[in-house]
1. Does at least one position in region 259-273 carry a residue that is among the aromatic types (F, W, Y) and surrounded by fewer than 18 Cβ atoms within 10 Å (Cβ to Cβ)?
2. Out of G51, G29, G24, I need the residue that is modelled with pLDDT of 95 or more, exposed (fewer than 12 other Cβ atoms within 10 Å of the Cβ) and in the same structural domain as L360 (by TED's automatic domain parsing). Which one?
3. Can you run down the residue pairs with Cβ atoms below 6 Å, 6 or more apart or on separate chains, where the first is in region 146-163 and modelled with pLDDT of 95 or more and the partner is of a type in the set (S, T, Y) and outside any loop (DSSP other than H, G, I, E, B)?
4. Given V163, V150, which one is more than 19 Å from the chain's Cα centre (by Cα) and in the same structural domain as A213 (by TED's automatic domain parsing)?
5. Can you confirm whether A298 is surrounded by fewer than 17 Cβ atoms within 10 Å (Cβ to Cβ), among the aliphatic types (A, V, I, L, M) and farther than 26 Å from A92 by Cβ?
Amino acid sequence: LVPRLRPFTSTIFAEMTALATRTGAVNLGQGFPDTDGPAGMLDAAKDALFGGANQYPPGPGRPELRAAIAAHRERYGLRYDPDSEVLVTAGATEAIAASLLALTEPGDEVIVIEPYYDSYAASVAMAGATRRVVSLVSEGGRFALDVDAVRAAVTPATRAILVNSPHNPTGTVFTRAELAALATVCVEHDLIAITDEVYEHLVFDDNEHIPLATLPGMAERTVSVSSAGKTFNCTGWKIGWACSTPELVAAVKSAKQFLTFVSGGPLQPAVAHALRHELDWVAELRRSLAAKRDRLAAGLAEAGFAVWPSAGTYFVCADVRPLGFTDAAELAWQLPERIGVAAVPVKVFTDHPDEWNHVLRFAFCKRDEVLDDAIARLHKLA
Ligand code: PMP
Ligand code: GLN
């Protein structure tokens with residue numbers, strides 16, 4: 001294995017899920033739901049499978065899916081031409097990787113906000129670029145974006161910034177003020193923003209998802225990435241997309257076509273159906289997830305953790321120190337065997353493990369009885 005990929009020999013999700021399976025633990029580590037998406041979407045996939053849609057779809061994605069993606073972005077006031085400004089990818093993961101491969105050169109710097117989704121560091125490394133990490137700060141009871149720190153991280157070599165909101169793992173949803181300040185930095189320094197919006201629909205209470213591309217000066221410099229997995233409970237389908245200007249989409253497509261070429265042919269029309277007809281189902285999913293967040297957060301607090309509020313995503317973060325632990329990673333590796341629950345140590349998503357080694361991430365995208373079982377087990381920790 002080449003040196004630049006040596007830090008990436010396995011993923012925390014694969015390891016933790018394997019440990020949970022081996023020990024029979026309740027898996028609140030890897031974020032995936034344990035119920036299916038809307039029946040109409042599943043029927044559409046079945047119809048496509050038996051209707052002959054089983055060969056290569058067009059390189060940029062099936063036209064009806066690109067049209068549905070563009071129509072869906074209009075909810076934010078963003079207009080994209082389905083033919084030249086929308087690209088279907090193998091999940092958000094490929095859209096992000098292809099964007100980095102297409103838009104950065106070895107020696108370029110990419111600003112990454114930590115804690116960061118694990119694929120970002122690997123994809124920056126595969127592109128040969130260098131990551132410059134800026135930490136979220138725990139402030140006013142939430143994890144906030146320190147835009148001054150972002151500004152300070154910019155150098156003449158900075159080419160792009162990766163922005164994930166709603167944010168995995170903290171559940172932070174960036175405010176309009178945070179995004180506006182960030183947009184100013186991007187415009188001032190002529191940066192490309194790659195936004196990871198896979199949790200765009202999973203925002204709770206009165207929080208709002210605001211795509212960075214809607215801010216002044218940003219549409220022409222933002223590659224907006226999202227995917228169907230989280231919105232429609234189909235994380236295994238890996239249907240994602242990137243929306244941007246014709247120039248940026250053409251660049252991303254150049255890389256994408258030699259990574260996977262195409263994927264998920266018969267799933268593409270089903271996702272098109274879902275984007276157009278299943279948003280009421282998604283509204284119900286959002287209500288249900290907000291209640292699950294409350295259920296797990298309350299359970300964790302009763303079990304003795306200090307819990308950060310989560311404004312979106314599948315995740316809630318908890319501080320292990322009130323329970324007398326000092327090493328959250330060590331605890332995470334013991335938890336499955338000790339009490340039968342799996343969680344993820346947040347330090348693995350950072351370049352500053354010592355500063356984050358009191359935080360565990362728990363997924364609440366599970367059936368209530370599964371959450372209750374986990375909560376009962378967590379009480380045994382005290
Ligand atoms: N970004 C974030 C923040 C995620 O949590 C995930 C994992 N679900 C992904 C990207 C990957 O998305 P996909 O499965 O569509 O590739
Ligand atoms: N996105 C999911 C998480 O953060 C897992 C994705 C994966 O397993 N690669 O838990």
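The values are calculated or read from the model by the stated rules, or taken from the named source; none is laboratory data. Here the structure is a predicted model, which is why all the values come from computation and not from measurement. No Cβ is skipped: glycine too gets one built from the backbone with ideal geometry, and neighbour counts run over all protein chains shown.
1. Our first condition is that a residue be among the aromatic types (F, W, Y); within region 259-273, this holds for 261.
In the following step, the residues that additionally are surrounded by fewer than 18 Cβ atoms within 10 Å (Cβ to Cβ) were identified as 261.
Yes, some residue in region 259-273 is among the aromatic types (F, W, Y) and surrounded by fewer than 18 Cβ atoms within 10 Å (Cβ to Cβ).
2. On the way: G51 fails: in the same structural domain as L360 (by TED's automatic domain parsing); G29 fails: exposed (fewer than 12 other Cβ atoms within 10 Å of the Cβ).
When all the criteria are applied, what remains is G24.
3. Note: pairs meeting the criteria are L162/Y120; V163/T195.
4. Working: V163 fails: more than 19 Å from the chain's Cα centre (by Cα).
Residue meeting the stated conditions: V150.
5. Numbers: surrounded by fewer than 17 Cβ atoms within 10 Å (Cβ to Cβ): yes; among the aliphatic types (A, V, I, L, M): yes; farther than 26 Å from A92 by Cβ: yes.
Spelling it out, A298 is indeed surrounded by fewer than 17 Cβ atoms within 10 Å (Cβ to Cβ), among the aliphatic types (A, V, I, L, M) and farther than 26 Å from A92 by Cβ.
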